[in-house]
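The values are calculated or read from the model by the stated rules, or taken from the named source; none is laboratory data. All of these numbers come straight from a predicted model, not from anything done at the bench. Cβ atoms come from the backbone with ideal geometry, glycine included; neighbour counts cover every protein chain shown.
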Amino acid sequence: MTTLWRIAFAIVALALAAVASAEERVSFPSLDGAGNAPVVLTGVFFAVPGASAPAPAIAMFHGCGGAYDKRGALAQRMRDYATLFNGLGLHVLVVDSLTARYEKELCTQRIGKRRVTQANRRLDALGAIAYLAERRDVDPKRIGLIGWSNGGSTVLAATNLRHHDVAIATTRPAFAIAFYPGCEADLKRGYQPSGPLLMLVGQSDDWTPASQCMALVRVAAEPRPEIVSYAGAWHGFDSDAPVRLRKDVPNGVNPGQGVHVGGDPVAWHDSRDRVVRFLAEH
């Protein structure tokens, strides 16, 4: 290994160590539940290392598989994006919508029979925004949302002013990003965004079809969301996992036949670049 590569690896190691040292387990109330007994959520807060003034923040919302892997550790996708966003100067809050409700995953549960619904998660997102806005290290005018799959649907719901609780919220997200969300519910409701939104979808997605998201963008009110659709990309394209058929998922375009999930290197790298540019603009 050359000296240059040794230096590069050392810099990366130091950066990761700095992020790890800033990790904080937190709890905060969702807006879900009775006013005097709300659901208390848990999460992980990654502070921008060395930040000396209030900084922007982004709340991250997991998919139906939850925020943690099978070993109980925070999922690698969450950690990777937390590192990316910290490097861009954003505090990060990973929101866990399942543990407080005694669930580990939703993927194998039929839509309509899930105990944790999008209504619950929308209120979680509003609670996360309120929590971040009260932190002294966060700039309350620069709080954003990002979510994947079921969490992407949460982002759509939490930014749709046609929901009364979103419309009356005292603090609204300054920007939002949704990876391959399910768009059917907000397409039917009508989508009136509370701010700029970037959607990233795969044209081959047979779990949360891109066509519904494209239709949502066409009929959305201003500011009309930006959408990027990747040819040949399946659900979960922003990873290096091989494409596989999940027969344990009862939902999707072809109920009972399973859904395809896996990475696409072109879509993954381009979507990452677009997220960075979008954040720079907003």
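Quick notes on this structure:
- Checking residue 66 against (1) part of a strand (DSSP E or B); (2) farther than 20 Å from residue 130 by Cα, the condition it does not meet: (1)
- Tally, over the stretch 92-148, of residues that are in a strand (DSSP E or B) and of a type outside the set (A, V, I, L, M, F, W, C): 7
Listed here are the residues, each with its yes/no results for (1) over 14 Å from residue 59 (Cβ atoms); (2) surrounded by fewer than 24 Cβ atoms within 10 Å (Cβ to Cβ); (3) out of contact with any Asp or Glu (no Cβ under 8 Å at 6 or more places or on another chain); (4) not acidic (Asp, Glu).
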{"position": "139", "(1), (2), (3), (4)": "no, yes, yes, no"}
{"position": "149", "(1), (2), (3), (4)": "yes, no, yes, yes"}
{"position": "160", "(1), (2), (3), (4)": "yes, yes, no, yes"}
{"position": "169", "(1), (2), (3), (4)": "no, yes, yes, yes"}
{"position": "175", "(1), (2), (3), (4)": "no, yes, yes, yes"}
{"position": "185", "(1), (2), (3), (4)": "yes, yes, yes, yes"}
{"position": "197", "(1), (2), (3), (4)": "yes, no, no, yes"}
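- Which listed residue, of 266, 219, 276, is surrounded by fewer than 16 Cβ atoms within 10 Å (Cβ to Cβ) and within 19 Å of residue 182 (Cβ to Cβ): 219
- Some residue of the stretch 253-274 being outside any loop (DSSP other than H, G, I, E, B), among the β-branched types (Val, Ile, Thr) and closer than 17 Å to residue 77 by Cβ: yes
- Residue count for the stretch 110-139, restricted to those that are more than 19 Å from the chain's Cα centre (by Cα) and in contact (Cβ under 8 Å) with a residue 60 or more places away in the chain: 6
- A count restricted to the stretch 30-52 and to residues that are modelled with pLDDT under 95 and either more than 20 Å from residue 100 (Cβ to Cβ) or buried (at least 22 other Cβ atoms within 10 Å of the Cβ) (or both) stands at 4.
- Taken together, the criteria exclude residue 93 from residues that are more than 21 Å from residue 127 (Cα to Cα) and either surrounded by 14 or more Cβ atoms within 10 Å (Cβ to Cβ) or in contact (Cβ under 8 Å) with a residue 12 or more places away in the chain (or both).
- Options 236, 256; residue that is at pLDDT below 95 and over 29 Å from residue 133 (Cβ atoms): 256
- Any hit, the stretch 229-239, residues being within 20 Å of the chain's Cα centre (by Cα), part of a loop (DSSP other than H, G, I, E, B), among the aromatic types (Phe, Trp, Tyr) and more than 21 Å from residue 119 (Cβ to Cβ): yes
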